[in-house]
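So the structure is just underneath, and the comments pick up after that.
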There are 2 protein chains.
Amino acid sequence: MPIPSLRPSESMPEPASVVSSGRLCRFAAEVLLRSGVPQDIADIVAWSLVEADLRGHPSHGIARLPVFVQRVRSGAHDPQARPKILAASRNTAVVDAANGFGHVAAKFAVELAVEKAGEADVAVVVIRRMQNCGILAPYVEEIAFRGMIGAMCTNGAPAVAPVGGSKPILGTNPLAISFPFVEPITLDMSTAVVARDKITMALREGRKIPLDWALDSEGRPTIDPGKALKGSLLPLGGHKGFGLAVVVELLAGVLSGAGIAADVGWLYTTDRPQDSGCCMAALRVAAFMREEEFHDRLTRMATQVKGAGGGGACTINLPGEIERRTRVERLREGIPLHAATAETLQHLAEEVGAKPV
Amino acid sequence: MPIPSLRPSESMPEPASVVSSGRLCRFAAEVLLRSGVPQDIADIVAWSLVEADLRGHPSHGIARLPVFVQRVRSGAHDPQARPKILAASRNTAVVDAANGFGHVAAKFAVELAVEKAGEADVAVVVIRRMQNCGILAPYVEEIAFRGMIGAMCTNGAPAVAPVGGSKPILGTNPLAISFPFVEPITLDMSTAVVARDKITMALREGRKIPLDWALDSEGRPTIDPGKALKGSLLPLGGHKGFGLAVVVELLAGVLSGAGIAADVGWLYTTDRPQDSGCCMAALRVAAFMREEEFHDRLTRMATQVKGAGGGGACTINLPGEIERRTRVERLREGIPLHAATAETLQHLAEEVGAKPV
């Protein structure tokens with residue numbers, strides 16, 4: 001009996017429409033541009049949103065476009081803000097994202113980390129006054145594409161209750177790491193059982209959630225996404241996931257100079273900047289061994305892991321492999337949009353005077 | 001209702017005896033010395049074993065002394081081996097542990113990483129031809145005591161089945177990270193549901209194990225520690241824990257030049273060196289902010305997390321806090337030894353002609 005996969009599925013039984021990634025990207029950028037976001041920044045945000053949809057994570061995808069527009073309107077996001085380096089050494093830097101788009105700050109930090117690690121083998125960059133930057137995988141993969149191991153974590157608004165507690169205090173605090181290979185091997189995971197927007201998505205689409213995802217506001221397990229959103233998420237695997245969430249908070253929140261725990265604002269509370277933080281690292285593989293040797297050794301590991309299936313019909317996937325397959329498929333066949341998301345996007349297009357998606 | 005703690009307890013209803021940590025440390029060092037291990041190396045190994053018992057992890061403690069003696073006798077451990085630097089840059093190093101005691105290599109890497117990060121803010125050191133080095137917390141805490149964030153992971157012999165598979169292929173692949181504070185805040189966890197020696201310990205003490213720890217050799221969940229040891233451990237929280245185990249394998253096994261996955265030998269298979277690997281990092285806090293500011297910010301996080309208890313009687317513990325309390329208590333009151341462990345140690349003492357513990 002193979003171990004059952006515990007991967008939370010984002011089922012979508014009846015997509016209202018299927019849109020090409022290129023079209024969706026242009027749509028997102030146009031909406032942002034018409035909302036006062038400079039073209040280059042709009043392009044980065046659109047890229048991040050569509051990458052999430054391409055990889056099968058609609059919770060972090062185009063469905064978030066309306067809230068970003070709303071945040072620009074309310075002043076919670078400064079659409080013009082550019083990241084600035086506050087302090088730097090040969091191997092480190094502190095970046096101020098200045099309450100702009102987190103996606104832009106993350107891209108900036110990627111380039112900075114790659115440049116520094118290119119010269120000095122390893123670099124660590126932290127970001128403060130940051131805001132949500134979407135899924136982390138595309139950023140760490142940009143590092144991996146340069147022959148470096150890329151790692152990154154961000155803190156977020158209180159969502160997860162500590163082990164022994166019943167009040168949400170830490171964010172879902174995701175971490176990601178990518179290794180250079182034929183295609184990068186990339187782990188991108190929240191330290192909660194699931195990312196909070198998987199629950200937001202379930203609520204929007206009228207689905208129940210599994211009983212082991214969240215607690216209601218009284219601290220009782222719940223299958224109601226609405227009650228879960230008023231309560232707290234469970235940490236991954238109890239005290240270990242809680243420990244990982246604390247580690248992310250210390251690196252991305254405490255060390256970066258950003259907001260800490262309850263100081264961090266919600267993406268969906270649009271009256272103020274989030275002031276979240278990020279910690280990013282790049283490590284040059286060639287500092288340890290020839291890249292060809294690393295590639296051969298990685299192949300050896302992958303072959304062994306893939307061969308541990310016990311002869312059954314189950315496929316063993318390395319981290320990020322399911323996302324990669326989904327991405328290839330959706331680049332070819334388009335991105336399915338749920339009815340609720342498609343409707344929201346049409347309203348948004350009308351509002352800002354953009355061509356409908 | 002607070003979230004129940006999922007921390008696996010190592011219950012010990014009737015300790016046969018209680019021994020002071022100082023006495024236990026001298027005993028372990030004497031046994032190793034009489035087995036042909038140089039004094040300085042014996043002292044480091046004894047320190048590591050007793051630190052595990054002090055922190056409440058007897059599975060990684062003095063109960064492992066007999067197997068190390070056996071490995072020295074069989075030639076699987078070279079008791080005289082000293083770690084050597086094979087390659088180094090300003091911020092990185094590749095260390096060859098030369099099939100000696102892993103504890104010595106880990107201590108060596110700590111000093112090297114601290115020295116490099118002291119000069120260049122961040123350092124990454126990998127170790128190959130390594131062997132088991134015990135719990136990781138004491139090493140990363142040595143880095144934290146110098147005002148740096150210390151991180152470390154090691155790979156191990158096949159123990160955990162991948163999600164979708166039924167054969168053990170990756171080690172329990174632990175990772176640890178420690179942050180400088182009044183007392184360091186330290187996460188030290190295996191990426192399996194539990195460390196494998198928790199099951200070895202249960203077998204030795206005649207206890208059953210929880211149903212969600214392991215599979216038997218047919219891939220069925222089991223409460224029998226004997227069957228579990230012939231089968232495979234479950235990864236922490238399904239695909240996320242499996243992903244973390246792959247990441248550790250890539251850093252500690254692939255990048256280090258050590259054995260990979262099934263190439264890594266068992267601690268308890270004493271006919272050959274283990275050839276495991278390690279990846280260690282040190283990051284100077286002062287490169288990002290004044291240490292006082294980091295301290296104040298960390299206090300703010302700790303206060304918030306501790307305050308999320310919802311008014312119940314449950315205590316919220318930061319990572320490593322339970323271990324720290326146990327350590328203080330056991331430094332004062334001594335270390336309880338299970339009857340089976342005490343008996344084994346007396347036999348060992350007779351064998352090598354050491355004073356009984």
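What follows is calculated from the coordinates using simple rules that are stated; it is not laboratory data. No experiment lies behind these values; they were computed from the predicted model shown. Neighbour counts run over all protein chains shown; Cβ positions are idealised from the backbone, glycine included.
Taking the number of other C-beta atoms within 10 Å as the exposure measure, put B:Glu351, A:Glu321, A:Glu30 in order starting with the fewest. Can you show the working numbers first?
Values: B:Glu351 13, A:Glu321 16, A:Glu30 19.
Least crowded to most crowded, the residues run B:Glu351, A:Glu321, A:Glu30.
For the pair the stretch B:314-332 / the stretch A:229-274, the C-alpha centres are spaced 24 Å from each other.
Averaged over the residues of B:288-301, the number of partner chain Cβ atoms lying within 10 Å of the residue Cβ comes to 5. Once backbone amide H atoms are built at 1.01 Å from N, B:Ile335 has B:Val19, B:Ser20, B:Ser21 as its partners under 5 Å, excluding neighbours fewer than 5 places away on the same chain. With contacts taken as Cα pairs under 8 Å at a separation of at least 6 residues, the stretch A:237-357 carries a relative contact order of 11 percent. Note on A:Lys208: aspartates and glutamates with a C-alpha under 15 Å away, same-chain residues under 8 apart excluded, are A:Glu10, A:Asp197, A:Asp216, A:Asp224. Give the lysines whose C-alpha is closer than 21 Å to that of A:Lys84, dropping any in the same chain fewer than 8 places away, or say none. Once the sequence-local lysines are set aside, what remains near A:Lys84 is A:Lys107, A:Lys116. Each copy carries a label point for A:Gln346 at 7 Å from Cα toward Cβ; from one copy, the others' points are 8.3 nm away, ordered from shortest. Across chain B, C-alpha contacts under 8 Å between residues 6 or more apart give a mean separation that, scaled by the residue count, equals a relative contact order of 22 percent. The rotation axis taking chain B to chain A passes closest to this chain B residue's Cβ, listed with the gap in Å: B:Gly237, 2.
As a check on your grasp of the helix formula, calculate [θ] at 222 nm for chain A: sum -39500 (n - 2.57) over DSSP H runs of n ≥ 4, divide by the residue count, round to the nearest 500.
-11500 deg cm²/dmol
For A:Gly226, the distances from its label point to the matching points in the remaining copies are 5.5 nm, ordered from shortest, with each point set 7 Å beyond Cα toward Cβ. Each of B:Thr299, B:Pro180, B:Gly100 was placed along the dipole of chain B (beta-carbon charges, centred on the mean Cα), and the one lying farthest toward the positive end is B:Gly100. Short-range pairs are left out: with C-alpha atoms under 8 Å and at least six residues apart, the relative contact order of the stretch B:212-307 is 14 percent. Once each part is reduced to its C-alpha centroid, what is the distance from the stretch A:143-181 to the stretch B:132-179 in angstrom? With the stretch A:143-181 and the stretch B:132-179 each reduced to a Cα centre, they are spaced 18 Å. Taken about its Cα centre, the stretch A:237-332 carries a charge dipole of roughly 440 debye when the Cβ of each Lys and Arg holds +1 and the Cβ of each Asp and Glu holds -1.
Extent of the protein assembly as shown along its three principal axes (Cα atoms, max minus min coordinate, largest first): 89, 51, 49 Å.
The residues B:Met148, B:Met201, when put in order of fewest to most other Cβ atoms within 10 Å, stand as B:Met201, B:Met148.
In nanometres and ascending order, the distances from the B:Glu321 label point to those of the other copies are 4.0 (point 7 Å from Cα along Cα→Cβ).
Taking only the alpha carbons of the stretch B:190-301, we obtain Rg and Dmax values of 18.8, 55 Å in that order. In the structure displayed, which of A:Lys198/B:Lys306; A:Lys167/B:Lys198; A:Lys240/B:Lys230; A:Lys167/B:Lys306 lie more than 21 Å apart, Cα to Cα? Result: A:Lys198/B:Lys306; A:Lys167/B:Lys198; A:Lys240/B:Lys230 exceed 21 Å. If R0 equals 35 Å, the separation of the Cβ atoms of A:Glu350 and A:Lys230 corresponds to a calculated FRET efficiency of about 0.65. Spatial offset of the stretch A:53-70 relative to the stretch B:36-54 amounts to 54 Å, using the alpha carbon center of each. Of the two radii for the stretch B:302-357, the radius of gyration is 1.29 times the Kirkwood radius, both from the alpha carbons; that is the Rg over Rh value.
For B:Thr222, A:Thr92, A:Thr299, the sequence from fewest to most other C-beta atoms within 10 Å is A:Thr299, B:Thr222, A:Thr92.
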